[in-house]
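Undergrad: Below are the structure tokens for one structure; questions will follow.
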Amino acid sequence: MRVFVTGASGWIGSAVVPELTGAGHQVTGLARSDASAAALTAAGAQVHRGTLDDPGSLRSAAAAADGVIHLAFKHDIAFSGDFQGAADADRRAVETFGEALAGSGRPFVIASGTLGLAPGRVATERDGRDPGSAAHLSGGPQTRMATARMTLSLASRGVRSSVVRLPPTVHGEGDHGFMAALAGIARDKGVSGYIGDGSNRWPAVHRFDAAHLFRLALDNAPAGSVLHAVADQGVPIRAIAEVIGRHLGLPVAAISAQDAGEHFGWLGGYLAADSPASSTLTRELLGWRPAHPGLIDDLDKGHYFHNQST
Ligand SMILES: NC(=O)c1ccc[n+]([C@@H]2O[C@H](COP(=O)([O-])OP(=O)(O)OC[C@H]3O[C@@H](n4cnc5c(N)ncnc54)[C@H](OP(=O)(O)O)[C@@H]3O)[C@@H](O)[C@H]2O)c1
């Protein structure tokens, strides 16, 4: 297949590209800068210059492809206070792809998240499919869930659409996401912290296992599928803090909910979530089997702690 991939230069995209080319697909990646274009060329992909804000460019790239994987997200503005703006741009891009692919029967796979789907219990692929299920969310996170539902509804318009929900940590060597931020905060504060008793859980997946699931979704997911790229169903935050503390030689300590904002900054709200998720239905549907290290084993390999800038 000729596959158009947005976000192909990103953390997950740069693992998805070799996964696709290794399976014989031809990849064209969206690049908004010379640096991203060079990275895509080096990875063996074709380059389509453009941005998420250029619907004409997205439409023409999708029309020329046999399938689309949409991974780009404006994390730069999302994590500096404008998550709503990032979610709105994402929704417009998905609308554009939906129009371009309607009636074609082609695959369209987007990234979404598991965090906050079903607080306090194990979320499954069946959660979050009806509009009422996002009632506890607001703003950008609610918009993102609505965009995922819109993607699934494209199944009734002749698009083989699917949504891959990612856990909050997609970990691996070179990760600059939540785990790297948590290690950085521990280093800055001189203590590896967790909130409350730290029994709240996060699911997790290794980047290469997530990339493999995107390829399986592109190749085989039935129209309207929700897939969970979840390898670890729920890792207690305290267990994560303990590994970080051990590797950095720092004490491990509880931070009260009142002090979490000051201690963890923007990460505090995410870190307090108890949001485990399962992938039983995904494994049954597509035969996906995570093969790379789980979160604790990956942290224990030490690569998160070698770089003093993280
Ligand atoms: N990583 C995780 O732990 C995680 C967890 C849950 C969900 N997700 C979701 O998974 C998807 C991929 O995440 P990621 O971690 O790979 O993100 P990432 O490393 O931040 O990469 C984002 C990608 O989007 C591109 N992009 C950003 N703004 C753009 C714009 N205005 N126009 C065109 N391209 C733009 C970036 O291009 P440049 O290379 O030019 O910057 C980059 O390729 C996202 O939807 C994300 O929210 C990720």
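Undergrad: Can you tell which of V159, V205, V191 is under 24 Å from A272 (Cα atoms), surrounded by 24 or more Cβ atoms within 10 Å (Cβ to Cβ) and of a type in the set (V, I, T)?
TA: Only one candidate qualifies: V205.
Undergrad: Which residues, counting only those in the stretch 6-36, are among the aliphatic types (A, V, I, L, M), under 22 Å from A100 (Cβ atoms) and within 9 Å of the ligand (Cβ to nearest atom)?
TA: Of everything in the stretch 6-36, those that are among the aliphatic types (A, V, I, L, M), under 22 Å from A100 (Cβ atoms) and within 9 Å of the ligand (Cβ to nearest atom) turn out to be A8, V16, L30, A31.
Undergrad: Looking at (1) farther than 21 Å from D88 by Cβ; (2) aliphatic (A, V, I, L, M); (3) under 19 Å from the mean Cα position of the chain (by Cα), can you tell me which one L40 breaks?
TA: The number of the failed condition is (3).
Undergrad: Could you list, in sequence order, the residues of the stretch 128-141 that are open to solvent by less than 30 Å² (accessible area, probe 1.4 Å) and either of a type in the set (K, R) or in a loop (DSSP other than H, G, I, E, B) (or both)?
TA: G128
Undergrad: Within the stretch 171-188, which residues are open to solvent by 20 Å² or more (accessible area, probe 1.4 Å) and within 12 Å of the ligand (Cβ to nearest atom)?
TA: Answer for the stretch 171-188, where residues must be open to solvent by 20 Å² or more (accessible area, probe 1.4 Å) and within 12 Å of the ligand (Cβ to nearest atom): G174, H176, G177, F178, A181.
Undergrad: Which condition from (1) charged (D, E, K, R); (2) surrounded by fewer than 18 Cβ atoms within 10 Å (Cβ to Cβ); (3) farther than 13 Å from A223 by Cα is the one that R144 breaks?
TA: Tallying (1) charged (D, E, K, R); (2) surrounded by fewer than 18 Cβ atoms within 10 Å (Cβ to Cβ); (3) farther than 13 Å from A223 by Cα, R144 fails exactly one: (2).
Undergrad: Which condition number does R165 fail, the rest of (1) away from the ligand (no atom under 11 Å from the Cβ); (2) at pLDDT 95 or above; (3) not hydroxyl-bearing (S, T, Y) being met?
TA: For R165, the exception is condition (1).
The values are calculated or read from the model by the stated rules, or taken from the named source; none is laboratory data. Keep in mind it's a predicted model, so treat the numbers as computed, not measured. Because the Cβ atoms are built from the backbone with ideal geometry, glycine has one as well, and the counts that use them run over all protein chains shown. Just the protein is used for accessible areas: all its heavy atoms, side chains included, with ligands, DNA and RNA removed. Shrake-Rupley method; radii C 1.70, N 1.55, O 1.52, S 1.80 Å.
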